[in-house]
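Colleague: One structure, pasted below without further comment.
The values are calculated or read from the model by the stated rules, or taken from the named source; none is laboratory data. Bear in mind that the values here come from a model prediction, so they are computed numbers and not experimental data. Cβ: placed from backbone, ideal geometry, glycine included. Neighbour counts: every protein chain shown.
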Amino acid sequence: MRKSIFPEISVSTIALSTYFISVRIAVMKIHISESPNKIRGRKRDESRTESILQAAIGLLLEVGFDKFKVQDVAIRAGAGTGAIYRRWPKKETLIAEAIKVMPQTKVELTDDPIADLRVLVRYKCSNTFEKPDLVPGLIAAMRADKCIEEAVKEGFSIKHFRSAIARIIGDDHPQLDLLTELTPAMTLFRASFTPELIETEKMTDEIMAMILAFSGKNAL
C-alpha cells in the first residue's frame, strides 16, 4: 500500500489548533471594538471642513442656489469632491450647513442714526438689484429641500434693520415691525417683478423717505 505524503495528525492536535485560532479571532475582535477610529480611517481635518464651508458660503452669495456646484466649491476650497461628499452626502446638506454658519449682517454704528440706516438700506438695495435671482432661487431651494428650508427659517433675521429703524422712530413705535419688513420686501419686489432698471440711490431715497415720514424727520 502506498504511503501517504502527509504526516499523521492526531485528533488532539487538531482540537488544540482550533482552540488557538478561536482565541486569536476573539482577541482581534476586542482590538477592533476598542479602536474604531483606526478601522474607519483618518481623523477628519476640521480646518478643511471650515475652508469648505467658507467656500460654499462665498459661492452661494456670488452665484446663488441655481448655479451652485460642488465641483466649484472644491476648487475654491482646494479640496477634492470626495472630501466634500464624505462630510456632506449631497449638495443640499452642504448648502443647509453653509446657511447655518453664514455670518449675520454687521452694522457699524455712528452718532448719526439716519446716516447709519441709509448705509444699510443702500447696501440692501444694491445687493438685491445686482443679484435679482438670489432670493427667488433661495425660495425654490427651500421648497425642494426640507433641510434648506429649516436652515433658512432658523437663521433668517432682519434684526439689524429693526435696530437701525428703532434708533430713529423709537423702539416702542407701533409701526416699527411693519417698516422693518417693508424695507427688504420692497427691494425684492422691485428687483424681481418690475421690468425697468432700478436705480439704487433712487430706491434708497424712497425707502428712507417712507421711514422718516413716521419720525417727523427729513431724509438727508
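Colleague: Looking only at the stretch 170-204, filter to residues that are of a type outside the set (A, V, I, L, M) and surrounded by 17 or more Cβ atoms within 10 Å (Cβ to Cβ); which one of those is nearest to Ser126 (Cα to Cα)?
Modeller: Residues of the stretch 170-204 that are of a type outside the set (A, V, I, L, M), as a first pass: 170-175, 177, 180-181, 183-184, 187, 189-190, 192-196, 199-202, 204.
Narrowing the set further to residues that are surrounded by 17 or more Cβ atoms within 10 Å (Cβ to Cβ) leaves 180, 183-184, 187, 190, 200, 204.
On the way: Thr180: 18, Thr183: 13, Pro184: 11, Thr187: 9, Arg190: 12, Thr200: 6, Thr204: 9 Å.
Ranking the qualifying residues of the stretch 170-204, first place goes to Thr200.
Colleague: Confirm whether Thr110 is over 30 Å from Ser51 (Cα atoms), surrounded by fewer than 13 Cβ atoms within 10 Å (Cβ to Cβ) and of a type in the set (Ser, Thr, Tyr).
Modeller: Values: over 30 Å from Ser51 (Cα atoms): yes; surrounded by fewer than 13 Cβ atoms within 10 Å (Cβ to Cβ): yes; of a type in the set (Ser, Thr, Tyr): yes.
For Thr110, the condition - over 30 Å from Ser51 (Cα atoms), surrounded by fewer than 13 Cβ atoms within 10 Å (Cβ to Cβ) and of a type in the set (Ser, Thr, Tyr) - is met.
Colleague: So which residues in the stretch 56-104 are surrounded by 13 or more Cβ atoms within 10 Å (Cβ to Cβ) and not in a helix (DSSP H, G or I)?
Modeller: Gly64, Phe65, Phe68, Ala79, Trp88, Val101, Met102
Colleague: Additional query: Answer yes if at least one residue in the stretch 209-217 is basic (Lys, Arg), closer than 14 Å to Arg118 by Cβ and at pLDDT below 95, and no otherwise.
Modeller: Within the stretch 209-217, one or more residues are basic (Lys, Arg), closer than 14 Å to Arg118 by Cβ and at pLDDT below 95.
Colleague: Which condition does Ala140 not pass, out of (1) touching a residue at least 60 places away in the same chain (Cβ under 8 Å); (2) buried (at least 17 other Cβ atoms within 10 Å of the Cβ); (3) of a type in the set (Gly, Ala, Ser), if it passes all the others?
Modeller: Failed condition: (2).
Colleague: To continue, here is another question. Taking the criterion of being touching a residue at least 12 places away in the same chain (Cβ under 8 Å), part of a helix (DSSP H, G or I) and either among the polar types (S, T, N, Q) or assigned by TED's automatic domain parsing to the domain that holds Pro89 (or both), would at least one residue in the stretch 159-170 satisfy it?
Modeller: For the stretch 159-170, residues touching a residue at least 12 places away in the same chain (Cβ under 8 Å), part of a helix (DSSP H, G or I) and either among the polar types (S, T, N, Q) or assigned by TED's automatic domain parsing to the domain that holds Pro89 (or both): present.
Colleague: Leu197 passes all but one of (1) under 14 Å from Leu117 (Cβ atoms); (2) touching a Phe, Trp or Tyr at 6+ places or on another chain (Cβ under 9 Å); which number fails?
Modeller: So Leu197 meets the others, but not (1).
Colleague: If you don't mind, there's one more thing I want to ask. Could you list all residues from the stretch 172-212 that are of a type in the set (A, V, I, L, M) and outside any helix (DSSP H, G or I)? Give the derivation first.
Modeller: Step one: of the stretch 172-212, the residues of a type in the set (A, V, I, L, M) are 176, 178-179, 182, 185-186, 188, 191, 197-198, 203, 207-212.
Listed by number, the residues that qualify are Leu197, Ile198.
Colleague: Related question: When residues of the stretch 105-119 are filtered for being assigned to a helix (DSSP H, G or I) and among the aliphatic types (A, V, I, L, M), how many remain?
Modeller: So the first thing to find is which residues in the stretch 105-119 are assigned to a helix (DSSP H, G or I), and the list is 113-119.
With among the aliphatic types (A, V, I, L, M) added as a condition, the list becomes 114-115, 117, 119.
The qualifying residues number 4.
Colleague: Given the options Asp133, Asp112, name the one that is farther than 16 Å from Thr183 by Cβ and either touching a Leu at 6+ places or on another chain (Cβ under 8 Å) or modelled with pLDDT under 90 (or both).
Modeller: Matching residue, one of Asp133, Asp112: Asp133.
Colleague: Need the failing condition index for Lys153 against (1) within 26 Å of Met186 (Cα to Cα); (2) surrounded by 14 or more Cβ atoms within 10 Å (Cβ to Cβ); (3) not aromatic (Phe, Trp, Tyr), just the number.
Modeller: Checking Lys153 against (1) within 26 Å of Met186 (Cα to Cα); (2) surrounded by 14 or more Cβ atoms within 10 Å (Cβ to Cβ); (3) not aromatic (Phe, Trp, Tyr), the one that fails is (2).
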